[in-house]
Amino acid sequence: MTRHFLDADNLSPGELAEVLAVAEEFKSDGSPAALAGRTLAMLFEKPSTRTRVSFETGMTQLGGHAIFLGPDDTQLGRGEPVSDTGRVLSRYVDFVMGRVFDHDCLVEMAEHATIPIVNGLSDTAHPCQSLADLLTIHEHFGGFEDVSVGWVGDGNNVLNSFAVAAAMVGLDLTIAIPEGYEPSDDVLTRAKSQGPIPTLTHDPTEAVADADVVYTDVWVSMGEEEEREAKLADFEGFQLNSELLPDSMPVMHCLPAHRGEEITNDVLESDRSLSWSQAENRLHTQKALLTFLA
Ligand code: CP
Ligand code: NVA
């Protein structure tokens, strides 16, 4: 059966642990040419720095090859069905990674493809980011046991996948979010079925109070530009800044950051920021993921 990675819980908790362990090994000892002769097609409907470069570099380091396909590069942009695209790409390449507006586009491709489809970010999920986040937390705290994470910000794709992935490894998670932006029932149900039940609050100080690390992401995600003014108003008080955070509290951000909105420049630039490790760990975890799915 073809395995896909459309969200974190497409892996079992044991498989997730295995992918993270292999990523750690690749990071410390380098990686073999495990994907020699293999090709990854990368479909992008939205811009990317980390996802594009880490997947492409990862394939090179594993001895394989990646093909970048932007929004105007394929017949998808002219209306060729996703189902046809999935079937045709399956005849040429060994994996597809897609960054799309509509998550269902990846679901449909996975239904028709005979090769693994990997979610490189959709409107509702960003599971490759979660892999890197978990590796970063594991490295920083030496494990997951007794680690509490506070999320302060939007109930978006990054949080959705992180909430599920965090539960899978047993992290405690408190989510502080403005009213009306809470994660969907589906996400909360899936997280609850995996491990510790996330706590929801509308008060950022509650998410920070017992946290060992605090995570945020942009308030205005790609594709939400028209909601910008409304969201900036609704998220007032949810900024990661030195008033909200205790002095040494580590912070996470998946990047790109909007300094002055969800996080201040001084917090992001301080030694407490794990963002640069999160970005690096995209490379190691995705190499481990592709090797697992191959
Ligand atoms: N974090 C992340 O996915 O970054 P890019 O948008 O640069 O890929
Ligand atoms: N939530 C952000 C994440 C970017 C990596 C977005 O979707 O734009």
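What to note about this one:
- You will find that of Asp133, Asp104, the residue that is of a type outside the set (Val, Ile, Thr) and surrounded by 24 or more Cβ atoms within 10 Å (Cβ to Cβ) is Asp133 and no other.
The rows are residues; the columns are (1) surrounded by fewer than 16 Cβ atoms within 10 Å (Cβ to Cβ); (2) in contact with a Pro (Cβ under 7 Å, 6 or more places away or on another chain); (3) over 21 Å from Gly155 (Cβ atoms).
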{"position": "Gly223", "(1), (2), (3)": "yes, no, no"}
{"position": "Leu232", "(1), (2), (3)": "yes, no, no"}
{"position": "Phe235", "(1), (2), (3)": "no, yes, no"}
{"position": "Gln239", "(1), (2), (3)": "no, no, no"}
{"position": "Val251", "(1), (2), (3)": "no, no, no"}
{"position": "Glu269", "(1), (2), (3)": "yes, no, yes"}
{"position": "Ser273", "(1), (2), (3)": "no, no, yes"}
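- Filter result (of a type outside the set (Gly, Ala, Ser), in a loop (DSSP other than H, G, I, E, B) and over 17 Å from Leu16 (Cα atoms)) within the range 146-193: Asp146, Val147, Asp154, Asn156, Ile177, Pro178, Glu179, Tyr181, Glu182, Pro183
- Any pair with Cβ under 9 angstrom, 6 or more apart, that starts in the range 158-174 at a residue that is surrounded by fewer than 24 Cβ atoms within 10 Å (Cβ to Cβ) and modelled with pLDDT of 95 or more and ends at one that is in a helix (DSSP H, G or I) and not aliphatic (A, V, I, L, M): Val169/Pro13; Val169/His138; Gly170/Pro13; Thr174/Glu206
Okay, residues lined up against (1) closer than 25 Å to Leu121 by Cα; (2) more than 16 Å from ligand 1 (Cβ to nearest atom):
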{"position": "Thr174", "(1), (2)": "yes, yes"}
{"position": "Pro198", "(1), (2)": "yes, yes"}
{"position": "Ala211", "(1), (2)": "no, yes"}
{"position": "Val214", "(1), (2)": "yes, yes"}
{"position": "Met222", "(1), (2)": "yes, no"}
{"position": "Glu225", "(1), (2)": "yes, no"}
{"position": "Asn241", "(1), (2)": "no, yes"}
{"position": "Leu245", "(1), (2)": "no, yes"}
{"position": "His253", "(1), (2)": "yes, no"}
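- Of the candidates Gly143, Gly86, Gly98, the single residue that is away from ligand 1 (no atom under 14 Å from the Cβ) and either touching a strand residue (DSSP E or B) at 6+ places or on another chain (Cβ under 6 Å) or in a loop (DSSP other than H, G, I, E, B) (or both) is Gly143.
- Search result, residues across the range 226-240 that are within 23 Å of the chain's Cα centre (by Cα) and either in contact (Cβ under 8 Å) with a residue 24 or more places away in the chain or within 15 Å of Ser270 (Cβ to Cβ) (or both): Lys231, Leu232, Phe235, Phe238, Gln239, Leu240
- In the range 196-221, of all residues being part of a loop (DSSP other than H, G, I, E, B) and in contact (Cβ under 8 Å) with a residue 40 or more places away in the chain, the one that is nearest to Arg272 (Cα to Cα) corresponds to Asp212.
The values are calculated or read from the model by the stated rules, or taken from the named source; none is laboratory data. Just so we're clear, the structure is a prediction, and the values are computed from it rather than from any experiment. Here Cβ is always computed from backbone atoms with ideal geometry, including for glycine, and neighbour counts include all displayed protein chains.
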